[in-house]
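In what follows, a single structure is set out as structure tokens and then discussed.
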Amino acid sequence: MRVTTRLVVSIVFAATLVSAGWTMLQVRNERANLLEELNHRGTLLAESLRETTELLAKRADTKALTRIVKKFGGRHHLRGISLHSPDGRSLVATAGLPESSPPPPAGAAMDCGLIPGGALHRCAVPLENSPGFLSVFQDATHVEARIQEVWRRGFLRLLTQVLLITAITFWIVRFDILAPIEKTAEWMRLQRSGEGQGSAPPPGGLLGPLASEAAGLAKSLESARAAAAEEARLRHSGQSLWTPDRLKEHAKERLAGRPILVVANREPYLHVHAEGKIKVLRPASGLVSGVEPILMACGGTWVGHGSGDADRETVDSFERVRVPPEEPHYSLRRVWLTKEQEEGYYYGFSNEGLWPLCHIAHARPQFRAEDWNQYHSVNRLFADAVLTEVEGVDEPCVLIQDYHFALLPRMIKEARPDARVSLFWHIPWPNPEAFGICPWQRDILDGMLGADVLGFHIQYHCNNFLETVDRALECRIDWERFAVRRGEHSTLVKPYPISVAMQEDAGPLPSKDELMRSVGAKGTILGLGVDRLDYTKGIVERFLGIERFLEANPTYIGRFVFVELGAPSRTNIPRYRELVNEVKLEAARINARFVTKDAKGWAPIVLAIAHHERTEVARWYRIADICVVTSLHDGMNLVAKEYIAADREESGALVLSRFTGAARELRDALIVNPYDVERVADALREAVEMEPEERRRRWESMREAVRENNIYRWGARLVDDLARVRLGLGAV
Ligand code: F6P
């Protein structure tokens with residue numbers, strides 16, 4: 001309250017000063033104007049009456065003078081006229097005027113001004129034909145009256161202002177400042193005591209920014225509390241699960257506080273122009289969902305291709321931006337590519353060459369020398385960016401991601417032999433014969449072997465890699481320790497099955513009806529597919545399985561609906577554009593086949609082809625009865641694991657291709673060969689008809705597998721092996 005009074009008194013004081021100053025100015029102006037007016041009128045009168053009055057004066061005709069005064073007096077405030085001798089004595093005057101009047105200054109043509117007392121105004125003009133002067137007197141009482149009126153109005157205005165200011169100040173302080181502060185304080189108290197967990201902060205009003213900061217703090221507090229509780233629970237149950245905090249501590253200790261640097265083509269946050277604003281997009285990328293939790297836990301830098309059309313507007317002078325935008329944990333350093341570089345390195349060599357080369361999905365790899373040159377030069381560009389980022393850092397720790405950067409490990413090691421470098425290959429590695437068709441296979445293998453640690457998802461891919469190296473390069477392979485010795489350097493080749501983080505306490509379950517309505521899906525049993533639209537994902541094969549399932553089990557017509565959340569991907573490449581058409585045509589054909597009058601508005605396959613935000617996909621995972629993954633070949637496939645990790649109320653069922661890395665861990669999924677339409681259809685029926693007990697058993701066992709081998713464990717194992725590298729000798 002004291003604050004309010006002080007505020008009001010200060011504001012009133014300031015308002016009074018301003019108002020008084022303003023009124024004084026008005027008074028000065030008003031007085032000057034009125035005098036100006038009297039002067040002007042007095043001058044005119046004196047000049048026009050001078051001749052006549054001089055004549056009348058000579059005749060000492062005071063009556064005639066008085067008549068003149070009366071004639072003008074009514075209109076012009078004229079009070080009287082007098083004629084004076086040069087020394088100021090009154091010779092002839094109308095009644096009620098002062099006895100004497102000072103002569104105008106020598107040489108002055110006219111002398112005007114107020115007479116002391118302020119009630120009369122005089123203008124004196126020398127006579128023309130005789131010595132002496134004429135004085136014209138005007139009534140000036142209105143001048144003071146007007147001035148007083150100005151003061152009175154000023155005072156009233158001040159009073160009104162003071163009242164209004166006081167009322168408004170009270171209102172703002174009470175309702176817009178004190179009330180939100182009280183509510184926020186109460187909300188923070190509840191957060192602190194743990195009673196208000198998950199509740200939204202009260203609207204902050206004027207203090208909105210402060211309230212959202214407080215919300216951020218509360219969120220951190222909540223996750224710290226959850227982490228501590230989880231730690232305590234794990235300690236209590238003697239388990240050794242990996243959590244973000246545990247990974248953070250582990251990495252800090254193993255890397256002696258050195259920051260982690262991740263290099264990946266795809267950036268985790270793109271800034272794009274949309275609807276006249278700059279928006280943030282999260283790409284549909286298994287790599288991003290897998291690797292980001294590490295940087296979220298440990299901090300550091302992600303070096304990636306700046307591919308959003310507003311990316312350049314959001315970086316600082318070092319091309320960096322802190323992310324995630326809502327609550328920054330690490331830096332994103334953007335590397336810019338020209339159209340030609342992107343065409344040759346990303347679309348060309350990476351995705352028309354290496355991608356089909358490594359996936360057995362029957363797409364012919366395209367190898368073009370120009371693409372290879374761009375691939376080489378972009379790897380060099382990223383190497384330069386990494387080297388600037390690690391300048392001054394002793395034994396920096398660099399985690400390179402994926403097939404876009406096969407040459408990067410060697411480039412970095414050559415410049416910084418003290419760097420600890422790993423390369424994780426997120427896609428499969430084929431057998432030596434298949435890889436051998438690549439004209440630059442030796443350069444690629446040599447580049448990769450610059451790394452200290454080389455990771456694949458599964459042992460099978462490691463074996464393929466080692467066999468490829470064995471056939472193509474001059475080197476020694478240690479099959480016992482799975483290491484390659486080339487020259488003075490050795491590289492450890494090891495499986496690190498990537499994973500995801502379990503989603504717990506994700507809030508209230510979304511409404512299944514609402515979500516289904518949002519894409520136009522109808523039915524009671526919901527199947528879900530989440531994919532980048534890529535020919536390796538077996539989307540058309542999946543649809544054929546659904547068709548066969550409905551054909552063989554017509555009781556599910558009108559009841560089973562499959563929603564495909566497909567994110568367009570790499571659409572500059574013709575094969576990817578063709579695939580979008582194939583997927584649409586196949587869905588339309590199957591839908592047309594099963595549409596029935598009995599199930600109005602129902603279609604078995606609903607396509608939602610668009611970029612879907614992760615939060616939106618997460619909602620679908622929570623309500624879908626079945627998730628279907630039918631990749632024809634896939635390194636790991638994190639969609640399968642994300643579905644299992646979702647925070648659901650009921651157990652779900654997973655139909656999973658045996659050609660994914662995930663199938664090695666999620667043994668309780670319904671494993672299928674996606675090329676075998678009958679088997680896919682059978683698995684769908686099994687999933688739909690599975691006894692609740694069996695469904696729960698399988699679900700729990702798969703959740704246990706993901707919980708145990710989560711993304712933090714993946715990060716910890718990589719960091720461990722990197723930290724163990726003996727520099728100069730490589731991994732041992
Ligand atoms: O699955 C391989 C992979 O490179 C992932 O690592 C990545 O998340 C995904 O493909 C997406 O590819 P892109 O970055 O080309 O969209």
Confirm whether Arg589 is surrounded by fewer than 21 Cβ atoms within 10 Å (Cβ to Cβ) and either closer than 28 Å to Ser511 by Cβ or within 16 Å of the ligand (Cβ to nearest atom) (or both). no
Ser135, sole failed condition from (1) in contact with a His (Cβ under 8 Å, 6 or more places away or on another chain); (2) at pLDDT below 85; (3) of a type in the set (S, T, N, Q): (2)
Taking the stretch 539-562 and keeping only residues that are surrounded by 17 or more Cβ atoms within 10 Å (Cβ to Cβ), out of contact with any helix residue (DSSP H, G or I) (no Cβ under 8 Å at 6 or more places or on another chain) and charged (D, E, K, R), one is left with none
Would you mind stating whether Glu613 is more than 15 Å from the ligand (Cβ to nearest atom), modelled with pLDDT under 95, farther than 20 Å from Glu686 by Cα and acidic (Asp, Glu)? yes
Determine whether the stretch 161-168 contains at least one residue that is within 17 Å of Ile81 (Cβ to Cβ) and of a type in the set (Val, Ile, Thr). no
Could you check the stretch 367-388 and list, in sequence order, the residues that are within 16 Å of the ligand (Cβ to nearest atom) and free of Cβ contacts under 8 Å to residues at least 40 places away in the same chain? Asp371, Gln374, Tyr375
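Yes/no matrix, rows are residues, columns are (1) under 22 Å from Leu354 (Cα atoms); (2) of a type in the set (D, E, K, R):
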residue	(1), (2)
Arg471	yes, yes
Ile477	no, no
Ala483	no, no
Arg486	no, yes
Pro495	yes, no
Met502	no, no
Arg517	no, yes
Ala521	no, no
Arg542	no, yes
Considering every residue within the stretch 621-637, establish whether at least one is within 36 Å of the chain's Cα centre (by Cα), within 16 Å of the ligand (Cβ to nearest atom) and of a type in the set (Ser, Thr, Tyr). yes
Pairs, please: C-beta under 7 Å, at least 6 apart or cross-chain, first residue over 20 Å from Tyr346 (Cα atoms) and in the stretch 255-273, second among the hydroxyl-bearing types (Ser, Thr, Tyr) and away from the ligand (no atom under 16 Å from the Cβ)? Pro259/Thr301; Leu261/Thr301
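For the structure I just gave you, tell me whether Pro131 is buried (at least 17 other Cβ atoms within 10 Å of the Cβ), over 60 Å from the mean Cα position of the chain (by Cα) and in a loop (DSSP other than H, G, I, E, B). Walk me through how you get there before you give the answer.
Working: buried (at least 17 other Cβ atoms within 10 Å of the Cβ): no; over 60 Å from the mean Cα position of the chain (by Cα): yes; in a loop (DSSP other than H, G, I, E, B): yes.
The answer is no for Pro131.
Can you tell me which residue among Glu514, Glu504, Glu467 is farther than 20 Å from Asp402 by Cβ and either among the aromatic types (Phe, Trp, Tyr) or in a loop (DSSP other than H, G, I, E, B) (or both)?
On the way: Glu514 fails: either among the aromatic types (Phe, Trp, Tyr) or in a loop (DSSP other than H, G, I, E, B) (or both); Glu467 fails: either among the aromatic types (Phe, Trp, Tyr) or in a loop (DSSP other than H, G, I, E, B) (or both).
Matching residue, one of Glu514, Glu504, Glu467: Glu504.
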So, first residue within 18 Å of Pro428 (Cα to Cα) in the stretch 390-407, second residue within 16 Å of the ligand (Cβ to nearest atom) and not in a helix (DSSP H, G or I), Cβ within less than 6 Å, six or more apart or across chains; the pairs are Ile400/Val263; Ile400/Leu423; Gln401/Ala264; Gln401/Phe424; Asp402/His426; Tyr403/Ile427; His404/Asn265
Residue under evaluation Arg442, criteria (1) of a type outside the set (Ser, Thr, Tyr); (2) buried (at least 18 other Cβ atoms within 10 Å of the Cβ); (3) within 18 Å of Phe405 (Cβ to Cβ), criterion not met: (2)
Say whether the condition of being surrounded by 13 or more Cβ atoms within 10 Å (Cβ to Cβ) and under 13 Å from Ser135 (Cα atoms) is met by at least one residue in the stretch 11-32. no
Picking from Phe543, Phe562, which residue would you name as being closer than 25 Å to Ala618 by Cα, in a strand (DSSP E or B), among the aromatic types (Phe, Trp, Tyr) and more than 16 Å from the ligand (Cβ to nearest atom)? Phe562
Name every residue in the stretch 404-443 that is hydrophobic (A, V, I, L, M, F, W, C), within 16 Å of the ligand (Cβ to nearest atom) and not in a loop (DSSP other than H, G, I, E, B), in order of residue number. Phe405, Leu408, Leu423, Phe424
Given the options Arg724, Arg713, Arg696, name the one that is under 30 Å from Pro409 (Cα atoms), surrounded by fewer than 18 Cβ atoms within 10 Å (Cβ to Cβ) and charged (D, E, K, R). Arg724
Taking the stretch 300-318 only, how many residues are within 17 Å of the chain's Cα centre (by Cα) and free of Cβ contacts under 8 Å to residues at least 40 places away in the same chain? 6
If you check every pair at least six apart or on different chains, which have Cβ atoms under 7 Å apart with a residue in the stretch 321-345 that is touching a residue at least 60 places away in the same chain (Cβ under 8 Å) first and a residue that is aromatic (Phe, Trp, Tyr) second? Leu332/Tyr269; Leu332/Trp302
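Please return the ranges of strands (runs of 3 or more DSSP E) entirely within the stretch 592-676 where 1 or more residues are at negative phi and small (Gly, Ala, Ser).
By residue number, 605-609, 653-657.
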What number goes with the only condition from (1) surrounded by 24 or more Cβ atoms within 10 Å (Cβ to Cβ); (2) away from the ligand (no atom under 16 Å from the Cβ); (3) under 38 Å from the mean Cα position of the chain (by Cα) that Leu449 does not pass? (3)
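Looking at the structure I just gave you, is Ile400 in a loop (DSSP other than H, G, I, E, B), within 14 Å of the ligand (Cβ to nearest atom) and within 23 Å of Asp720 (Cα to Cα)? If you could, list the steps in order and put the result at the bottom.
On the way: in a loop (DSSP other than H, G, I, E, B): no; within 14 Å of the ligand (Cβ to nearest atom): yes; within 23 Å of Asp720 (Cα to Cα): yes.
Considered against the rule, which asks whether it is in a loop (DSSP other than H, G, I, E, B), within 14 Å of the ligand (Cβ to nearest atom) and within 23 Å of Asp720 (Cα to Cα), Ile400 comes out as no.
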Condition broken by Glu391, with the remaining ones in (1) part of a helix (DSSP H, G or I); (2) away from the ligand (no atom under 15 Å from the Cβ) satisfied: (1)
Condition test on Glu51, is it in a helix (DSSP H, G or I), under 25 Å from Ala32 (Cα atoms) and either of a type outside the set (A, V, I, L, M) or free of Cβ contacts under 8 Å to residues at least 12 places away in the same chain (or both)? no
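Residue-by-condition table, conditions (1) under 30 Å from Leu454 (Cβ atoms); (2) touching a strand residue (DSSP E or B) at 6+ places or on another chain (Cβ under 9 Å); (3) touching a residue at least 40 places away in the same chain (Cβ under 8 Å):
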position	(1), (2), (3)
Val484	yes, yes, no
Gly487	yes, no, no
Thr491	yes, yes, yes
Val530	yes, yes, yes
Glu564	no, yes, yes
Ala567	yes, yes, yes
Arg577	no, no, no
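Scan the stretch 234-258 for residues that are farther than 22 Å from Leu408 by Cβ and part of a loop (DSSP other than H, G, I, E, B) and report the count.
Filtering the stretch 234-258 down to residues farther than 22 Å from Leu408 by Cβ leaves 234-250, 252-254, 256-257.
If we keep only those that are part of a loop (DSSP other than H, G, I, E, B) as well, we get 238-243, 256-257.
Going through the stretch 234-258 one residue at a time, the tally reaches 8.
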Selected residue (criterion: farthest from the ligand (Cβ to nearest atom)) from residues of the stretch 520-536 that are more than 31 Å from the chain's Cα centre (by Cα) and not in a loop (DSSP other than H, G, I, E, B): Ile525
Give the residue, chosen from Leu408, Leu466, that is buried (at least 22 other Cβ atoms within 10 Å of the Cβ) and either over 29 Å from Ala705 (Cα atoms) or modelled with pLDDT of 95 or more (or both). Leu408
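The values are calculated or read from the model by the stated rules, or taken from the named source; none is laboratory data. It should be emphasised that the depicted structure is a prediction, and the values quoted were computed from it without experimental measurement. Reconstructed Cβ throughout: ideal geometry from the backbone, glycine too, with neighbour counts over all protein chains shown.
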